[in-house]
Amino acid sequence: MIKYFKFLAISAVLMSLPKEVYCAETDLSVPLKKVYMVLWDGCEEACRGFQDYLKTVRLPVEVSVRDAAKDKSKLRDFVKEVRETHPDLLVTWGTLATLEMLGSERDSLSDRYVRSVPAVFMVVSQPVESGLVSGLVTQGRNITGAVHLVPVSEQLQLARQFIAFKRLGIIYNSSETNSVVTVEQIKKIAPLMGFEVVDRPLPLKDGKPDASKIFDLTDELASQKADLIYLGTDAFMNEHRRMLSDAASAYGIPVLSASEGAVRSGDALFAFVHRYYNVGQLAGQKASKILWEGLSAYDIPIEPPQRPLFVVNMTAAEKLNLYPPFSLMTGADAVGIPRDKDDE
């Protein structure tokens with residue numbers, strides 16, 4: 001059996017877009033499959049999880065990676081390239097990139113989007129609510145994927161085991177579909193769980209959300225006696241998560257995050273999440289079923305990984321003098337543990 005290992009990291013210019021291609025160790029007797037992968041902001045944990053999974057399969061695959069670098073205009077060029085190259089599978093990261101590549105279900109027949117290539121998405125928090133598909137199990141598009149968001153109701157129920165909050169504050173980018181959907185969901189949940197919602201959309205400056213207003217809006221939440229702030233999957237707010245957590249900390253308000261990154265590197269207090277790496281691995285499993293098992297994407301359920309994780313930032317807990325109960329710490333991931341002064 002002829003085997004080879006080949007890894008190429010090629011920086012080239014193709015329609016002014018960066019390119020990276022790799023091939024995994026494999027048996028040459030199996031036909032090579034080509035995957036076109038679209039990222040929004042570089043290759044992070046989900047991307048690495050996906051690529052690592054395909055390498056473990058040890059079947060011939062070439063993954064061409066395109067990074068939009070948070071530039072929405074590049075996605076139109078990626079659509080054109082997919083049409084020209086006809087890969088065996090399209091993989092997308094994030095709600096915005098996925099909708100720009102595939103369109104919503106309502107627009108799926110438009111020539112503006114990729115139609116003829118099966119697709120797997122990852123890190124799309126709410127594929128039904130965003131209009132991408134009509135259902136997670138049964139839907140008519142040649143799309144499947146791995147979602148990363150623990151249902152908001154479950155996040156808030158866990159938060160109640162930690163903090164007896166009565167007013168939940170939210171600062172969000174109203175131009176992001178996910179953010180608006182999340183706020184609407186929370187407002188429906190609030191009366192059932194017995195809390196109030198104080199939400200503030202970011203004002204726009206030159207058509208874009210103005211990050212400089214985050215502190216002022218946090219001040220408004222504090223004046224309205226918000227006792228917990230929720231940071232959803234809002235891409236803009238996550239980009240400025242440190243600004244939010246610093247402002248919240250100044251008022252002694254804890255931050256619950258929908259993603260682990262804000263806890264690990266943004267000083268949010270806690271999160272109940274699916275790890276991005278596991279989301280990428282699950283997307284890799286689904287890709288494998290399409291590429292080598294012959295399944296159609298629409299026959300593969302859209303789902304999250306099985307086990308969510310409680311993540312808590314102990315430095316933030318110390319600043320707020322607010323520590324989770326032992327019942328939540330069993331199996332939890334405690335990060336940012338302060339160093340003992342005697343050890344310094």
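The values are calculated or read from the model by the stated rules, or taken from the named source; none is laboratory data. What you see is a predicted model; the values in this text were computed from it and never measured. Note that each Cβ is placed from the backbone with ideal geometry, even for glycine, and that neighbours are counted across all protein chains shown.
For this structure, a couple of remarks:
- If you go through segment 92-134 and pick out every residue that is under 23 Å from Gly232 (Cβ atoms), crowded, with 21+ Cβ neighbours inside 10 Å and β-branched (Val, Ile, Thr), you end up with 6.
- Selection count, segment 102-148, where residues are among the basic types (Lys, Arg) and touching an Asp or Glu at 6+ places or on another chain (Cβ under 8 Å): 1
- Within segment 143-155, residues that are among the hydroxyl-bearing types (Ser, Thr, Tyr) have Cβ atoms under 7 Å from residues that are crowded, with 20+ Cβ neighbours inside 10 Å in these pairs: Thr144/Val120; Thr144/Lys286; Thr144/Ala297; Thr144/Ile300; Thr144/Ile302, counting only partners at least 6 apart in sequence or on another chain.
- Only one entry of Gly169, Gly194, Gly207 meets the criterion of being modelled with pLDDT of 95 or more and on the phi > 0 side of the Ramachandran plot, and that entry is Gly194.
- Scanning segment 202-219 for residues that are of a type in the set (Asp, Glu) and outside any helix (DSSP H, G or I) gives Asp206, Asp210.
- Test result for Asp234, touching a helix residue (DSSP H, G or I) at 6+ places or on another chain (Cβ under 8 Å), touching a residue at least 12 places away in the same chain (Cβ under 8 Å) and within 19 Å of Trp93 (Cβ to Cβ): yes
- Test for Ser259: is it surrounded by fewer than 24 Cβ atoms within 10 Å (Cβ to Cβ) and under 21 Å from Glu44 (Cβ atoms): no
- Qualifying residue in segment 159-170 (condition: under 28 Å from Ala247 (Cβ atoms), surrounded by fewer than 24 Cβ atoms within 10 Å (Cβ to Cβ) and among the aromatic types (Phe, Trp, Tyr)): yes
- Restricting attention to segment 135-158, the residues that are surrounded by fewer than 18 Cβ atoms within 10 Å (Cβ to Cβ) and β-branched (Val, Ile, Thr) total 2.
- Tyr298 satisfies every condition listed in (1) outside any strand (DSSP E or B); (2) among the aromatic types (Phe, Trp, Tyr); (3) within 18 Å of the chain's Cα centre (by Cα) except (3).
- Taken as a whole, the structure leaves Ala316 outside the set of residues that are closer than 30 Å to Ser116 by Cβ, hydrophobic (A, V, I, L, M, F, W, C) and not in a loop (DSSP other than H, G, I, E, B).
- For segment 279-324, filtered to residues that are surrounded by fewer than 19 Cβ atoms within 10 Å (Cβ to Cβ) and hydroxyl-bearing (Ser, Thr, Tyr), the residue that is farthest from Pro338 (Cα to Cα) is Ser296.
- For segment 220-246, the set of residues classified as within 12 Å of Ile170 (Cα to Cα), in a helix (DSSP H, G or I) and under 16 Å from the mean Cα position of the chain (by Cα) consists of Met237 only.
- Within segment 186-211, residues that are aromatic (Phe, Trp, Tyr) sit with their Cβ atoms under 8 Å from residues that are part of a strand (DSSP E or B), at 6+ positions apart or across chains, in these pairs: Phe195/Arg167; Phe195/Leu168.
- One residue stands out in segment 142-172 among those that are more than 18 Å from the chain's Cα centre (by Cα) and in a loop (DSSP other than H, G, I, E, B): the one that is nearest to Leu309 (Cα to Cα), namely Ile163.
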